[in-house]
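Asks: Dropping the structure in here first, questions after.
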Amino acid sequence: MLIPRSATRVLLLVGLLGGGVGAVVGGPVAAVAVAGYGALAVRAVLRWRVNRSAERTRRRGLDQLCGLAADLRAGLPVPQALEFAAVERDGSGRLRQLTSAAVRLADRTGAPLAELVERIEADARATDRGLAAAAAQAAGARATAWLLAALPIGGIGLGYGIGVNPMAVLLHSTVGGACAVAAVVLQVVGLLWAERLGATPGRPA
């Protein structure tokens with residue numbers, strides 16, 4: 001799932017505000033760092049919210065499928081199934097398509113619609129279990145990427161521990177500033193690439 005256009009504008013705004021604050025507080029190097037890390041953090045929060053909403057929508061669709069199958073077993077007429085298929089929202093588009101196809105098949109051939117709906121639900125839940133297992137396997141790689149991205153913080157803390165001021169070097173010297181900017185760019189690109197590699201097929205991106 002792509003990040004909505006409104007979220008893209010939020011990221012741009014966060015980057016600009018972060019860059020402005022960083023420039024005022026610590027100069028151009030701090031502006032790059034604050035803008036990059038701030039946009040990355042806000043993006044992570046936005047994606048988490050989008051994914052959580054999509055998961056809730058899909059679970060609601062599966063629960064509705066389960067209730068629909070029970071209603072059909074109890075003898076409710078097929079138009080209720082048609083109404084269900086029209087009520088579905090984004091995030092359960094595949095379920096909507098399958099349910100509509102099952103309704104048409106049952107209408108044309110007389111196939112038992114309750115069994116078709118139950119099979120759709122069982123297949124969807126089995127797919128979710130497989131995707132959850134794949135996401136759990138990829139969680140280790142994502143955690144490793146974030147740990148590696150946090151290592152520079154430990155290096156800065158170590159510098160202060162041995163009695164030097166690494167922030168002065170990074171923010172106010174040519175060589176240190178170039179290293180800091182390169183580090184920010186490489187960290188952001190590395191985290192995005194690790195996220196792409198660890199993405200679970202079938203899940204919102």
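The values are calculated or read from the model by the stated rules, or taken from the named source; none is laboratory data. Given the structure is predicted, the values throughout are model-derived calculations rather than measurements. Glycine gets a Cβ as well: all are built from the backbone with ideal geometry, and neighbour counts include every protein chain shown.
Asks: Look through the range 20-51, keep the residues that are within 25 Å of the chain's Cα centre (by Cα) and of a type outside the set (A, V, I, L, M, F, W, C), and return whichever of them is surrounded by the fewest Cβ atoms within 10 Å (Cβ to Cβ). Spell out the reasoning first.
Replies: Of the residues in the range 20-51, the ones within 25 Å of the chain's Cα centre (by Cα) are 32-51.
Keeping just the survivors that are of a type outside the set (A, V, I, L, M, F, W, C) gives 36-38, 43, 47, 49, 51.
Values: Gly36: 21, Tyr37: 16, Gly38: 19, Arg43: 20, Arg47: 16, Arg49: 11, Asn51: 14.
Out of the qualifying residues, it is Arg49.
Asks: To continue, here is another question. Please pick out the residue among Val189, Val164, Val117, Val169 that is surrounded by 15 or more Cβ atoms within 10 Å (Cβ to Cβ) and either touching a Lys or Arg at 6+ places or on another chain (Cβ under 8 Å) or free of Cβ contacts under 8 Å to residues at least 40 places away in the same chain (or both).
Replies: Working: Val189 fails: surrounded by 15 or more Cβ atoms within 10 Å (Cβ to Cβ); Val164 fails: surrounded by 15 or more Cβ atoms within 10 Å (Cβ to Cβ); Val117 fails: either touching a Lys or Arg at 6+ places or on another chain (Cβ under 8 Å) or free of Cβ contacts under 8 Å to residues at least 40 places away in the same chain (or both).
Answer to the selection: Val169.
Asks: Considering each of Ala41, Ala35 in turn, give the residue that is at pLDDT 80 or above and in contact with a helix residue (DSSP H, G or I) (Cβ under 8 Å, 6 or more places away or on another chain). Don't jump to the end; show me each part of the working.
Replies: Values: Ala41 fails: in contact with a helix residue (DSSP H, G or I) (Cβ under 8 Å, 6 or more places away or on another chain).
The conditions single out Ala35.
Asks: Val164 fails exactly one of the following numbered conditions: (1) part of a helix (DSSP H, G or I); (2) of a type outside the set (Ser, Thr, Tyr); (3) more than 17 Å from Val34 (Cβ to Cβ). What is the number of that condition?
Replies: It is condition (1) that Val164 fails.
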